[in-house]
1. So what's the convex hull volume per residue for the Cα atoms of segment 484-572, in Å³?
2. Which FRET efficiency value, to the nearest 0.05, do you get for GLU475 and SER231 by plugging their Cβ-Cβ distance into 1/(1 + (r/R0)^6) with R0 = 35 Å?
3. Which of the peptides 368-377, 157-166, 112-121 is most tightly packed, and how do the rest follow, going by the mean number of other Cβ atoms within 10 Å of each residue?
4. Work out how much length HIS211 to GLU190 would gain on full extension: take 0.36 nm times their residue separation and subtract the Cα-Cα distance, in nm to one decimal.
5. With all protein chains present, how much of the accessible area of segment 484-572 (probe radius 1.4 Å) comes from carbon and sulfur, to the nearest whole percent?
6. Sorting check: for 298-308, 243-253, which peptide has the highest mean count of neighbouring beta carbons within 10 Å, and how do the rest follow?
7. When the accessible area of segment 277-365 is computed with all protein chains present and a 1.4 Å probe, what percentage of it is carbon and sulfur?
8. In Å², what does the accessible area per residue of segment 484-572 work out to with a 1.4 Å probe?
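The values are calculated or read from the model by the stated rules, or taken from the named source; none is laboratory data. The model shown is predicted, which means the values in this text are computed figures rather than measured ones. Every residue, glycine among them, receives a Cβ derived from its backbone with ideal geometry; neighbour counts consider all protein chains shown. Just the protein is used for accessible areas: all its heavy atoms, side chains included, with ligands, DNA and RNA removed. Shrake-Rupley method; radii C 1.70, N 1.55, O 1.52, S 1.80 Å.
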Amino acid sequence: MISNISQMPLVKMKNQKCIRALKVVQAEHVAPQVYSTRCSSSTVPRITTHYTVYPRDKDPRWEGVEMERFADEADVVIVGGGPAGLSAAIRLKQLANQHEKELRVCVVEKASQIGAHTLSGACLEATALNELIPDWKERGAPLNTPVTEDKFSILTEKYRIPVPILPGLPMNNHGNYLVRLGNFVRWLGEQAEELGVELYPGYAAAEVLFHEDGSVKGIATNDVGIGKDGSPKDVFERGMELHAKVTLFGEGCHGHLAKQLYKQFNLRENCEPQTYAIGLKELWVIDEKKWRPGRAEHSVGWPLNRNTYGGSFLYHLNEGEPLVALGFVVGLDYTNPYLSPFREFQRWKHHPSLMSTLEGGNRIAYGARALNEGGFQSIPKLTFPGGMLIGCSPHTHTHNKSAFFTFLLLFFFVSCLQITIFTQSTIYSSVWARLNADSQTRCYARLLLSSLLQWVSDISHHSFLKPAKDCAPIEYPKPDGKISFDLLSSVALSGTNHEHDQPPHLTLKDDSVPVAQNLAVYDGPEQRFCPAGVYEYVPLETGDGMRLQINAQNCVHCKTCDIKDPSQNINWVVPEGSGGPAYNGM
């Protein structure tokens, strides 16, 4: 189904050697495990070895290493094979084929397979899909569960208080579909490839390339064959460059390249700061007698207190077996450094209204992802010379719709040094109305909890954390292994895997900050806000103090650490391609 990058017509023979080497490195993946970081300093343990922090031109181990990169040309390069990236690719190729024009569209995706890094609830509104692929039902789109029943409630520790969902309110999902978004994305990939889109899963876009005039030139994929200590291995090969007339960035929430573009082009100058949450999700097979296909349940309240924004969902899917998707969302503007989103999720499942559904069931999957929560007031400028941002809106159906509008300007481009029409088209589309409705939903939920908590704010999420001395530790119940579970057994269900011998992609700007600041002041909150056990503080080998250990192999690519770190010292960058979770229809 997926194109092989060696089929790209303009790639040189030597570049094929690079790709073969990459496949060799990817084939050496080992089972997920927790590993220790070796200390290289007697004062501050060396943690970060990545070249973005320690440049290779100053490292004698890299002297004489061939650093030439080979380049290929496309008309449009799309970073991210999610709903937005694939929808944009499909629409562009539809127009090109209709007008009998040659248009080369390439999609690069860091996951090993299309859809393998995709995680959402998800409740999908099909308007954009109807416009993009009108015969989607005949083509076998995996939209099997129309919403037939909506429930919304406020939870107390022991009780569920129903809240009426009146017609016209944003929480009314009748007419929408409950989907496993990874399966839907995989299907979109099949439709894109049928149209001639070139899909390259397993290749992470690591760098934005610029022309001399400052406009975006394209992207470079990541180098491979670098040891954990930052030195070149025998199989080292440079990544390749993909140049394009237009480059679209659809990385998902808090993309590491989008962060660079915000600063490079000052894209957030005239909008409110983005707000974020973390979403944790599980799939369960339950007792068929408790299964209600088409039911969508949402709740707010317990176990979170009135000052912490969050909520939950429980979707009964019609997938041929009694399957439910359940998830828990915590706003990352919480203040108590002792709060653990993962353990709040596990505690929530013990509410009587959840227990009655899950008892006797079997958990089959787990994952987590940071979410954009800002709504329309937090949308940055989307266009810049040579490219644009797409997708990453608060709901899946806006991902598809935002990408759908790209055809208005991309099909007839010449150099596309400045794009403006997309923003106007988006404002006057159903996307704008949806984002506005979504913002109202969040405001409504906060009002129900009597806590607006900086709905519009100029305070970053990391700034909300209070010092540990000012907060009470939270005592979480021990998981029972039936309804609630420990963290590492949960991560195992995500299929997460990385090449073990590579520099940790969770980089630190300053290796001394975690112990001196985060542990000393906030009692190491990264141990709790990470949903995959990546960060832990362990005793120094000398027994004199503590050090931060980064278990990068556990990372599920949620980006929460990059957002919530109180010192803003963590910078998430892409690992070698194909690393990360291997979600199956999440």
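1. 113 Å³
2. Working: r = 45 Å, r/R0 = 1.28.
After rounding, the FRET efficiency stands at 0.20.
3. Values: 368-377: 22.9, 157-166: 12.0, 112-121: 25.2.
Order by mean packing, descending: 112-121, 368-377, 157-166.
4. 4.2 nm
5. Details: 1450 of 2730 Å².
Reported share for carbon and sulfur atoms: 53 percent.
6. Values: 298-308: 19.2, 243-253: 24.3.
In decreasing order of mean packing, 298-308, 243-253 become 243-253, 298-308.
7. Working: 1220 of 2720 Å².
The C+S portion of the solvent-accessible surface of segment 277-365 is 45 percent.
8. Values: 2730 Å² over 89 residues.
Accessible area per residue: 31 Å².
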